[in-house]
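Engineer: Input: one structure, supplied below.
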Amino acid sequence: MVCAMKTTRLTFIGAGNMARSLIGGLVADGWDPACISVSDPDTEQLSALSSRFQVNTDTNNHTVTEDAEVVVLAVKPQVIRDVALDLADLIQKQQPLLISIAAGIRATDLQRWLGGSCALVRCMPNTAALVQSSATALWHNENVTEEQTDLAETILRAVGLALWVESEDLMDTVTALSGSGPAYFLLVMEALQEAGQVLGLPETTAKLLSLQTAFGAAKMALESSEDAAILRQRVTSPGGTTEKALEILENGGLRALFSDALNAARERSRELADQFGAE
Ligand SMILES: NC(=O)c1ccc[n+]([C@@H]2O[C@H](COP(=O)([O-])OP(=O)(O)OC[C@H]3O[C@@H](n4cnc5c(N)ncnc54)[C@H](OP(=O)(O)O)[C@@H]3O)[C@@H](O)[C@H]2O)c1
């Protein structure tokens, strides 16, 4: 099964950051590069990809879609409508599995542009896909077979964790949590570094201590079967330094702030989906 998957004919429309990361991960996982095709208007992007990974490239979206079993739409949300309208006839004839990584593009809009129903997976990776450490959520419509869900999951796992959500609505929540999430943690790391510097640490020392602490906490939580809350309680001795600091963060409303932040991001995700899907 796994070997058959890795020779599935896979096409990427768009050869930007996300496509590059996915292709890098897939080839490293043993996907046959001869079975991967990529199209993009930028010939420099294409030749960089073909010399690095030996994948097939073309500037014509039709040429790479003609015999594809899976088509990954890896273009920006602003251009996906035109790409879908242009490929609609071919997609309806070929009926490949479509995987859209475009943030905020709803299945109904995509299928309308593609000229009818198709087997469609929407997914929301995050920028950590660039270092193969994405937290990606996926959702599939009713036309996707079990074999195709396995395929989609294998493809997205090439850049990190991949988890399914049951309803498409939840993709806006996912966008708010993990889609935008790397920036929240980067802000925390930035704030810790600044506070350390104010208290006298040299810039590089404060920066590295902050980053490695974030990495260590995430690694510890991922490798443990305990909830983050339990792990936190374990490292918070009564009357100690951590307790003092956490008291300030809790009393300052950190949890409410995150709740408001996620609500605002989810709302914005919905607005953008309405805007992109309007035509
Ligand atoms: N980067 C992230 O962290 C992230 C996270 C989650 C989701 N996503 C989603 O992933 C998708 C791709 O993002 P990205 O960061 O990889 O963008 P990107 O680096 O801009 O890549 C998109 C590529 O598509 C090409 N393109 C434009 N029009 C095209 C067309 N008609 N046919 C074929 N290719 C075309 C672009 O070429 P030109 O540059 O010449 O226009 C560019 O090389 C987006 O929809 C985004 O919402 C990205």
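The values are calculated or read from the model by the stated rules, or taken from the named source; none is laboratory data. Computed from a predicted structure; not experimentally measured. Cβ placement follows ideal geometry from the backbone for every residue including glycine, while neighbour counts extend to all protein chains displayed. Just the protein is used for accessible areas: all its heavy atoms, side chains included, with ligands, DNA and RNA removed. Shrake-Rupley method; radii C 1.70, N 1.55, O 1.52, S 1.80 Å.
Engineer: Only residues that are under 21 Å from Ala84 (Cβ atoms) and out of contact with any strand residue (DSSP E or B) (no Cβ under 6 Å at 6 or more places or on another chain): list them for segment 1-53, please.
Structural biologist: If the condition is that a residue be under 21 Å from Ala84 (Cβ atoms) and out of contact with any strand residue (DSSP E or B) (no Cβ under 6 Å at 6 or more places or on another chain), then Arg9, Gly14, Gly16, Asn17, Met18, Leu22, Asp40, Pro41, Asp42, Gln45 are the ones that fit.
Engineer: Scan segment 110-127 for residues that are within 18 Å of Leu87 (Cα to Cα), within 12 Å of the ligand (Cβ to nearest atom) and either at pLDDT below 95 or open to solvent by 10 Å² or more (accessible area, probe 1.4 Å) (or both) and jot them down.
Structural biologist: The answer is Arg122, and nothing else.
Engineer: Just wondering, is there one or more residues in segment 86-94 that are within 8 Å of the ligand (Cβ to nearest atom), surrounded by fewer than 19 Cβ atoms within 10 Å (Cβ to Cβ) and over 16 Å from Val64 (Cβ atoms)?
Structural biologist: Within segment 86-94, none of the residues are within 8 Å of the ligand (Cβ to nearest atom), surrounded by fewer than 19 Cβ atoms within 10 Å (Cβ to Cβ) and over 16 Å from Val64 (Cβ atoms).
Engineer: Related question: Among the residues of segment 7-41, write down those that are touching a residue at least 40 places away in the same chain (Cβ under 8 Å), more than 14 Å from the ligand (Cβ to nearest atom) and not hydrophobic (A, V, I, L, M, F, W, C).
Structural biologist: Matches in segment 7-41: Thr8, Arg9, Asp29.
Engineer: For segment 258-274, enumerate the residues that are more than 20 Å from Ala107 (Cα to Cα) and open to solvent by 70 Å² or more (accessible area, probe 1.4 Å).
Structural biologist: Result: Phe258, Asp260, Asn263.
Engineer: Look through segment 43-85, keep the residues that are under 17 Å from Asn17 (Cα atoms) and of a type in the set (Gly, Ala, Ser), and return whichever of them is most open to solvent (accessible area, probe 1.4 Å).
Structural biologist: Checked segment 43-85; the qualifying residue most open to solvent (accessible area, probe 1.4 Å) is Ser51.
Engineer: Does Ala102 meet the test of being farther than 21 Å from Val27 by Cα and crowded, with 22+ Cβ neighbours inside 10 Å? Steps first, answer last, please.
Structural biologist: On the way: farther than 21 Å from Val27 by Cα: yes; crowded, with 22+ Cβ neighbours inside 10 Å: yes.
In short, yes.
Engineer: Looking only at segment 54-85, which residues are closer than 28 Å to Ala137 by Cβ, out of contact with any Gly (no Cβ under 7 Å at 6 or more places or on another chain) and part of a helix (DSSP H, G or I)?
Structural biologist: Scanning segment 54-85 gives Asn61, Val64, Thr65, Gln78, Val79, Ile80, Arg81, Asp82, Val83, Ala84, Leu85.
Engineer: Cβ-Cβ distance below 9 Å, separation of 6 or more or different chains: which pairs start in segment 232-254 with a residue that is in the same structural domain as Leu222 (by TED's automatic domain parsing) and end on one that is β-branched (Val, Ile, Thr) and open to solvent by 80 Å² or more (accessible area, probe 1.4 Å)?
Structural biologist: So the pair list comes out as Thr242/Val235.
Engineer: Moving on to the next point. Could you list, in sequence order, the residues of segment 130-156 that are open to solvent by less than 10 Å² (accessible area, probe 1.4 Å), more than 21 Å from Met5 (Cα to Cα) and in a helix (DSSP H, G or I)?
Structural biologist: Passing the criteria: none in range.
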